[in-house]
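Data first, discussion second: the structure below is written as structure tokens.
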Amino acid sequence: MDKESPGPGFAIPLTAALLAFLAACGTDEPAQPQVPTEVPVDPRCEATITVPDGFCARVFHPGVGPARHLAVADNGDVFVALRNRGGQAGGVVALRDANGDDEAEQMQRWGDQGGSGIALGDGVLYFATNSSVLRFTLPAGSLTPSGSPETIVDRLPSDRNHATKSIALHPDGSIFVGIGSPSNACQTIPRTAGSPGKDPCGELTLRAGIWRFATDRTGQRQSGGERFSTGVRNAGAIALHPVTSELYAVIHGRDQLRELWPTFYSDVDGSEKPSEEFALIEEGSDFGWPYCYHDPSNNTKVLAPEYGGDGIEVGRCADMDMPAIGLPAHWAPNALAIVSGGTAYPEPYRNGAFVAFHGSWNRSPLQAGYNVVWIPFQGNRPTGDWSVFADGFSGGEISASIQADFRPTGVAVGPDGSVYVSDSLRGRIWKIVAD
């Protein structure tokens, strides 16, 4: 016969006495660790995109086509520049999140020319094709323009390499246009081992710089603008500081040091040099292309081998403008967004710059980039540090750019402080929010 269990009147005093005894005498038993509360994973966060703790990369739109740069209106509408590619027409895609769930339910597509640069002004949208800057009248709250565009600048050079144009709208009524070089290093015979560079390089007359144009005139030619900065091989990423209105750019460095000049450069040199340059662009500045490049190993501008350099000699490059930061080689910076203040993101992501890197094609053995980088500022200047903010776009280790799942090409900050990123392959748009 089973014994009866003692009633509650017995169990409580006995337990209390035992606890008191253990407390008085001590015990060698270790304290049992508390089991942490599991934080539920938001199913709307795309797991393949890694972001810092406290952030979530949500798919704002699964695919709009060959997307390039982005612009976000004050009401949160997102405008995406599209290139012409493989029979796909370019133009602009406008996206709206009507119900506030961080996904675009409404989409309008318009325009029949492909382009890359895009910027919003007061009641207008600027769109840069490879050879022109167009202005559309865009009524407040509208996803589509009212009427045909005006041509602000036309007949910009677009042959050979770096045909796309980046733009940034200044509050004084001018617009900056990045015009990339048509060659790698201005060689006599392009991309040929041992071929010397043209000196002077005639390409600098119309290319490899940043031009400034007025926006109160139409039908301008390049000769009617001002060459604001030169020696800029390809400023695919340009933006104005939101407080100072100063112009910043992230500049593509040259390619193929090892392949074209194996006497002076190792395989490692070819992969790790030169820097992609994050720079404050001042009027009249000269960043040295094609005569010079930035060496990240010693933070020095050195003479290019096409102009007598050996990987060490500085020569004429001592007088060239320096970047604020030398970023990893061949990552291909394609878009820049600068933020200052606001509370949508926690510290330290309230004052600094986001850079979208399209990814390399000429590193060895593995390609790199394919990410979004954060560059913190102290006051209105970069601190010199940087870190990867969003990664995983390539889908893993790849040895060729065609293996990438996605390639970040545009980055913009919305009115709520969230960061939008575009992909050039499938046109996916992400919205990275702070949880």
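List every residue pair whose Cβ atoms lie under 7 Å apart, where the two residues are 6 or more positions apart in sequence or sit on different chains, the first residue falls within the stretch 383-395 and is on the phi > 0 side of the Ramachandran plot, and the second residue, located anywhere, is aliphatic (A, V, I, L, M) and part of a strand (DSSP E or B). Taking only residues 6 or more apart or on different chains, the pairs are G384/I325. Might you let me know whether the stretch 276-299 holds any residue that is among the charged types (D, E, K, R), touching a residue at least 12 places away in the same chain (Cβ under 8 Å), more than 20 Å from G231 (Cβ to Cβ) and surrounded by fewer than 23 Cβ atoms within 10 Å (Cβ to Cβ)? Scanning the stretch 276-299 turns up no residue that is among the charged types (D, E, K, R), touching a residue at least 12 places away in the same chain (Cβ under 8 Å), more than 20 Å from G231 (Cβ to Cβ) and surrounded by fewer than 23 Cβ atoms within 10 Å (Cβ to Cβ). Only strands (runs of 3 or more DSSP E) whose full extent lies in the stretch 108-154 are considered here, and the ones with at least 1 residues that are in contact with a helix residue (DSSP H, G or I) (Cβ under 8 Å, 6 or more places away or on another chain) and closer than 21 Å to I179 by Cβ are 150-153. Total residues in the stretch 217-242 satisfying the condition of being among the hydrophobic types (A, V, I, L, M, F, W, C) and touching a helix residue (DSSP H, G or I) at 6+ places or on another chain (Cβ under 6 Å): the figure is 0.
Here the stretch 180-203 is the region considered, the condition is being touching a residue at least 40 places away in the same chain (Cβ under 8 Å) and not in a loop (DSSP other than H, G, I, E, B), and the residue that is nearest to F228 (Cα to Cα) is E203. Here R227 passes the criteria (1) outside any helix (DSSP H, G or I); (2) in contact (Cβ under 8 Å) with a residue 24 or more places away in the chain except the one numbered (2).
Take the residues in the stretch 311-357 that are among the charged types (D, E, K, R) and out of contact with any Ser or Thr (no Cβ under 8 Å at 6 or more places or on another chain); name whichever of them is farthest from F264 (Cα to Cα). This residue is E347. Scanning the stretch 406-416 for residues that are buried (at least 17 other Cβ atoms within 10 Å of the Cβ) and in contact (Cβ under 8 Å) with a residue 60 or more places away in the chain turns up P408, T409, G410, V411, A412, V413, G414. Would you confirm, using the coordinates I've provided, whether F213 is of a type in the set (A, V, I, L, M, F, W, C) and either touching a Leu at 6+ places or on another chain (Cβ under 9 Å) or not in a strand (DSSP E or B) (or both)? In short, no.
Is at least one residue of the stretch 129-141 under 24 Å from the mean Cα position of the chain (by Cα), of a type in the set (G, A, S) and more than 26 Å from F354 (Cα to Cα)? Checked the stretch 129-141: at least one residue is under 24 Å from the mean Cα position of the chain (by Cα), of a type in the set (G, A, S) and more than 26 Å from F354 (Cα to Cα). Of the residues making up the stretch 342-356, one or more are outside any loop (DSSP other than H, G, I, E, B) and free of Cβ contacts under 8 Å to residues at least 60 places away in the same chain.
A single member of V41, V35, V64 is modelled with pLDDT of 95 or more and among the β-branched types (V, I, T), and it is V64.
Residues in the stretch 332-362 that are surrounded by fewer than 20 Cβ atoms within 10 Å (Cβ to Cβ) and touching a His at 6+ places or on another chain (Cβ under 6 Å): 1 in all.
The values are calculated or read from the model by the stated rules, or taken from the named source; none is laboratory data. Treat the numbers as computed from the prediction; the structure is a model and nothing was measured. All Cβ positions, even for glycine, are placed from backbone atoms using ideal geometry, and neighbour counts span all protein chains on display.
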